[in-house]
Amino acid sequence: MASHFAVAPAGMSFLDGGMATPHILILGGTGEARRLAEKLVAQGDAKVTLSLAGRTVAPLAQAGEVRIGGFGGADGLAEWLRAHAVDVLADATHPFAARISENAIASSETAGVPLVALRRPAWERQPGDRWIDAKSVSEAAGLLGHEPRTVFLAIGRQELAPFKAVPQHRYIVRSVDPVEDGDALRGATYILDRGPFTEAAERQLLLAHGVQIVVAKNSGGDATYGKIAAARELGVPVVMVGRPPAGGGEAVASVEQAQERIRHLAGLPAKRGE
């Protein structure tokens with residue numbers, strides 16, 4: 001059964017029963033989370049805390065107060081929401097961060113804090129795309145075939161293990177931080193880089209390494225779409241890992257929509273000039 005949350009009058013927090021500056025917690029780690037925090041902080045009428053999981057060694061500068069590290073599951077997050085008088089919880093994590101999103105939903109219900117889920121639209125197959133659908137990274141590894149191929153793994157550094165089972169391929173791995181020794185693939189080429197990536201740059205990368213197939217997650221958004229467009233242009237197939245099922249919360253598709261809805265739920269007036 002869906003929960004219904006009351007909206008506080010402007011400047012009022014229901015969590016402390018009196019007049020207070022609304023507190024907004026953003027679960028981040030994405031470009032959308034960073035931009036959302038910047039927009040909310042620029043308004044100057046709310047306290048904004050941006051939470052990062054801490055998996056990136058050197059994250060980009062963020063607006064608002066930054067919290068790094070986990071909460072200890074859904075119960076820990078619910079307790080944090082209560083202890084810090086959070087008025088609105090925003091889930092702006094990566095579309096594949098399923099566990100965090102599940103915890104956000106459960107903690108929202110437990111603590112009685114409304115949840116806004118920023119879910120960027122998934123990429124859609126375009127004419128000329130040679131997509132091979134996969135339900136998981138493990139399934140993607142099995143779809144590469146028996147014949148050796150040069151594979152561009154554009155899935156980050158934390159889910160490389162399934163590809164150890166198919167060592168006949170030559171892997172090109174790109175990630176923001178170095179791959180830990182225990183996760184490394186034998187003979188792979190490692191590229192350290194941070195998006196956004198243009199189509200032209202991705203085309204050059206695919207050609208320079210002789211990439212024959214790409215493995216990607218359907219993250220959506222513009223920052224990493226360049227590889228998909230470049231693969232389409234070059235006729236390179238893409239094993240596309242589908243997203244986990246979307247959960248609860250009030251879903252919005254853009255930073256602007258998230259900002260508007262968060263301000264409404266926090267009892268703030270319509271956004272002012274930034």
Ignoring everything but the protein chains, give the 1.4 Å probe accessible area of Phe163 in square angstrom, nearest 10.
0 Å²
Helix 98-111 sits at what angle to the longest principal axis of the chain, using alpha carbons and giving 0 to 90 degrees rounded to 10?
10 degrees
Helix 73-83 against the longest principal axis of the chain: what's the angle in degrees, Cα atoms only, rounded to the nearest 10?
30 degrees
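Could you give the length gained by full extension between Ala161 and Glu260, i.e. 0.36 nm per residue of separation minus their alpha carbon distance, to one decimal place?
Details: separation 99, 0.36 × 99 = 35.64 nm, distance 4.06 nm.
Difference between extended and current length: 31.6 nm.
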Compute the angle between helix 199-208 and the longest alpha-carbon principal axis of the chain, please, reported from 0 to 90 degrees and rounded to the nearest 10.
30 degrees
Two-site label geometry, Arg130 and Ala201: point separation in nm, points 7 Å out along Cα→Cβ
2.6 nm
Relative contact order in percent for the chain (Cα pairs under 8 Å, 6+ apart) equals 23 percent
Shape verdict for the stretch 117-208, please, from the Cα gyration tensor: rounded (a/c under 1.5), prolate (a/b greater than b/c) or oblate.
rounded
Simple label model, 7 Å out from Cα along Cβ direction - Asp181 to Asp193, nm:
2.8 nm
Per residue value of the accessible surface for the stretch 55-149 (all protein chains in place, 1.4 Å probe), Å²:
53 Å²
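Of the peptides 123-131, 83-91, how do they stack up when ordered by the mean number of other Cβ atoms within 10 Å, highest first? All intermediate terms of the calculation are to be shown ahead of the outcome.
Details: 123-131: 12.9, 83-91: 23.1.
Descending packing order for the listed peptides: 83-91, 123-131.
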Residues meeting the amide H criterion for Arg149 (H placed from the backbone, H to H distance under 5 Å, 5 or more places apart or on another chain) are His169, Arg170
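Filter the trypsin sites (Lys or Arg not before Pro) in the stretch 191-245 to those in DSSP coil with at most 15 other Cβ atoms within 10 Å of their Cβ, and list the result.
Sites meeting the loop and neighbour criteria: Arg194.
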Under a 5 Å amide H to amide H cut-off, with H placed in plane at 1.01 Å, what residues pair with Trp131 once short-range neighbours are removed?
Val238
For the chain, what proportion of DSSP beta bridges, expressed in % and rounded to the nearest 5, is antiparallel?
5 percent
Mind grabbing the accessible area of Leu192 for me, 1.4 Å probe, Å², rounded to tens?
100 Å²
Any lysines with Cα under 17 Å of the Lys135 Cα? List them, leaving off those in the same chain fewer than 8 positions away.
Lys217
Arg261 - accessible surface, heavy atoms, 1.4 Å probe, Å² rounded to 10:
70 Å²
Largest to smallest accessible area among Thr224, Thr21 [probe 1.4 Å]:
Thr21, Thr224
What percent of all Cα-Cα pairs in the stretch 155-274 falls in each 10 Å bin, counting up from 0?
11, 34, 27, 17, 10, 2
Put +1 on the Cβ of each Lys and Arg and -1 on the Cβ of each Asp and Glu in the chain; which of Gln43, Ile105, Ile228 then has its Cα farthest toward the positive end of the dipole?
Ile228
In cubic angstrom per residue, the convex hull of the stretch 98-163 built on its Cα atoms measures 133 Å³
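The values are calculated or read from the model by the stated rules, or taken from the named source; none is laboratory data. Computed from a predicted structure; not experimentally measured. Please note: Cβ atoms are built from the backbone with ideal geometry, for glycine as well, and neighbour counts cover all protein chains shown. Heavy atoms of the whole protein, side chains included, go into the accessibility calculation; ligands, DNA and RNA do not. Shrake-Rupley method; radii C 1.70, N 1.55, O 1.52, S 1.80 Å.
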